[in-house]
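Trainee: There's a structure below that I have some questions on.
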Amino acid sequence: MLRRTILMTTALGALSACFGNTSPRLGPDGRPLPTIYRINPRDEAEIQFRVLDSVNALRRAAGAPELQLNAELNAAAATHSRDMSLQNRPWHFGSDGSSPIDRAQRAGYSGRLLGENISETYESELETVAAWMQQADTRDVITDPDARDLGFAFYQEETGKIWWTMVTGDGGTTGQGLPANSNS
């Protein structure tokens, strides 16, 4: 009988460990603490297509044409995400003084860069897009009716902090882009 009790107790203990604590951890203010969104580097393409699908749904609702992912803009976005991490600040200029237009041209993009959204967060890509939709200036980048191409990339630090960059371009439909030294 003792042996059966020990086996049952062990089995129940193991089973309860499978379920863990499902209640969120609370901070000093009583609000749930954010959880770190960990990205598997192998999921980069999946994340980019998830953002593309989300952005295109938002654009359809706004009456704007759908975008397509562009390899050159993805490369420019990836460069900037990593550079923002190195600078430890979310802003539109590279550590070398480059602008979003400069980075797109360096990556070989032949169209005109229309906009860039950036973020420093621990949130997922879809939460980040949702946050961008809450602000008029970043929402305008997402819903710009002249945009045809999308670049999207991220860099995640060891701490879990994610640096997101989204850029849009016209696909070369309205010109060959602005000169690299343009102030526009």
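Trainee: How much of the DSSP bridge set in region 58-184 is antiparallel, in percent, rounded to the nearest 5?
Mentor: Antiparallel bridges make up about 90 percent of those DSSP assigns within region 58-184.
Trainee: Next question, about the same structure. Determine the gain in length on full extension of the stretch PHE93-ALA62; use 0.36 nm per residue of separation and subtract their C-alpha separation, reporting nm with one decimal.
Mentor: 8.2 nm
Trainee: In terms of the Cα gyration tensor, with a ≥ b ≥ c the square roots of its eigenvalues, is region 86-151 rounded because a/c is under 1.5, prolate because a/b exceeds b/c, or oblate?
Mentor: Oblate, since a/c reaches 1.5 and b/c is not below a/b.
Trainee: While we're looking at this one, here's another question. Counting only the backbone N, which residues of region 40-54 are under 18 Å from the spot 7 Å out from the Cα of MET133 toward its beta-carbon?
Mentor: Correct set: 47-54.
Trainee: For region 104-121, take each phi angle, set θ = phi - 60°, evaluate the Karplus expression 6.51 cos²θ - 1.76 cosθ + 1.60, and give the result in whole Hz per residue in order, putting x for glycine and proline.
Mentor: 5, 5, 4, 7, x, 6, 8, x, 9, 6, 9, x, 9, 10, 9, 7, 10, 7
Trainee: Sort ILE36, ILE47, ILE101 by accessible area with a 1.4 Å probe, largest first.
Mentor: ILE36, ILE101, ILE47
Trainee: While we're looking at this one, here's another question. Counting Lys and Arg as +1 and Asp and Glu as -1, each charge on the Cβ, what is the dipole of region 25-136 about the Cα centre in debye, to the nearest 20?
Mentor: It works out to roughly 80 debye.
Trainee: Local charge sum around VAL129 (other residues, Cβ-Cβ under 11 Å, Lys/Arg +1, Asp/Glu -1)?
Mentor: Cβ neighbours under 11 Å give a net charge of -2.
Trainee: Please compute the net charge surrounding ALA104, taking Lys and Arg as +1 and Asp and Glu as -1 over other residues with Cβ under 13 Å from its Cβ.
Mentor: Counting the neighbours of ALA104, the net charge comes to -2.
Trainee: Which value, in nm² and rounded to one decimal, describes the direction-averaged projected area of the C-alpha convex hull of region 44-147?
Mentor: Averaged projected hull area, Cα only: 6.4 nm².
The values are calculated or read from the model by the stated rules, or taken from the named source; none is laboratory data. If you're wondering where the values come from, they're calculated on a predicted model, not measured in any experiment. Note: ideal-geometry Cβ built from the backbone for every residue, glycine included; neighbour counts use all protein chains shown. Note: areas computed on protein heavy atoms with side chains; ligands, DNA, RNA excluded. Shrake-Rupley method; radii C 1.70, N 1.55, O 1.52, S 1.80 Å.
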